[in-house]
1. Restricted to the stretch 101-110, and to residues that are in contact with a strand residue (DSSP E or B) (Cβ under 7 Å, 6 or more places away or on another chain) and outside any strand (DSSP E or B), which residue is surrounded by the fewest Cβ atoms within 10 Å (Cβ to Cβ)?
2. Out of everything in the stretch 138-164 that is within 22 Å of the chain's Cα centre (by Cα) and in a loop (DSSP other than H, G, I, E, B), what residue ends up being surrounded by the fewest Cβ atoms within 10 Å (Cβ to Cβ)?
3. Condition check: under 21 Å from the mean Cα position of the chain (by Cα), of a type in the set (D, E, K, R) and not in a strand (DSSP E or B). Does residue 135 satisfy that?
4. Is it true that some residue in the stretch 110-130 is touching a His at 6+ places or on another chain (Cβ under 7 Å), free of Cβ contacts under 8 Å to residues at least 40 places away in the same chain and among the aliphatic types (A, V, I, L, M)?
5. Quick one: which residue in 96, 31 is part of a loop (DSSP other than H, G, I, E, B) and either at pLDDT below 95 or surrounded by 11 or more Cβ atoms within 10 Å (Cβ to Cβ) (or both)?
6. I'm trying to understand the selection: among the residues of the stretch 108-132, which are of a type in the set (A, V, I, L, M, F, W, C) and under 16 Å from the mean Cα position of the chain (by Cα)?
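The values are calculated or read from the model by the stated rules, or taken from the named source; none is laboratory data. Owing to the predicted nature of the structure, the values given are computational and were not obtained by experimental measurement. Note: ideal-geometry Cβ built from the backbone for every residue, glycine included; neighbour counts use all protein chains shown.
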Amino acid sequence: MKNLYSWSGALGCLTFVIMGLLSPVSASAQNIVPVSVSVEIVEPLTIEKTSDLSFGTIVIDSDGGTVSFDADGNIQLTGGLSFLNSGSQPVQASFNISGRPGTGINIELPSEVILIHPDGHEMILDGITPNTDADPTLDAQGQIDFLLNGTLHVLQNQESGDYSGTFMVTVNYN
């Protein structure tokens, strides 16, 4: 009998060892950390155009020149250009942006715009910039107003008539 118990004890011990090797190893200590999740939803930016850009009515001699608004909103003429006093006056494009107070924004403008005469003649507007800081920020009420500056190039012997063009102003949160 003694041998029978020895063999059954050894067999039971061997079974226990084999089952332990085949069983998945489990960690005896687990670390659990809670994670909070949150989000803030803000209203999108809105942009309102309060005036379009106009360079007024210009008289040209044979030299051509440029018409531009400087950073202070003053109109500058170069070359052989002058304003016709009885014509339309220059006006800077103006905008109001509304959004989350104290948030930085980005104003995207084209590098140049082509103005076209009904007969297909062209003029170029370039140097289009807002009169804001390099990194504009909405004020405590979530507002910022800005004007556009730019330079219109009038060629020598530019065809008389009305020239027009369109471009997009895009604003985004930084």
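1. 102
2. Within the stretch 138-164, the first condition is being within 22 Å of the chain's Cα centre (by Cα), and the residues that meet it are 138-150.
Imposing the further condition that a residue be in a loop (DSSP other than H, G, I, E, B) reduces the set to 138-142.
On the way: 138: 19, 139: 10, 140: 7, 141: 9, 142: 17.
That would be 140.
3. When the stated conditions are applied, residue 135 passes them.
4. Scanning the stretch 110-130 turns up at least one residue that is touching a His at 6+ places or on another chain (Cβ under 7 Å), free of Cβ contacts under 8 Å to residues at least 40 places away in the same chain and among the aliphatic types (A, V, I, L, M).
5. Exactly one residue qualifies, and that residue is 31.
6. 109, 128
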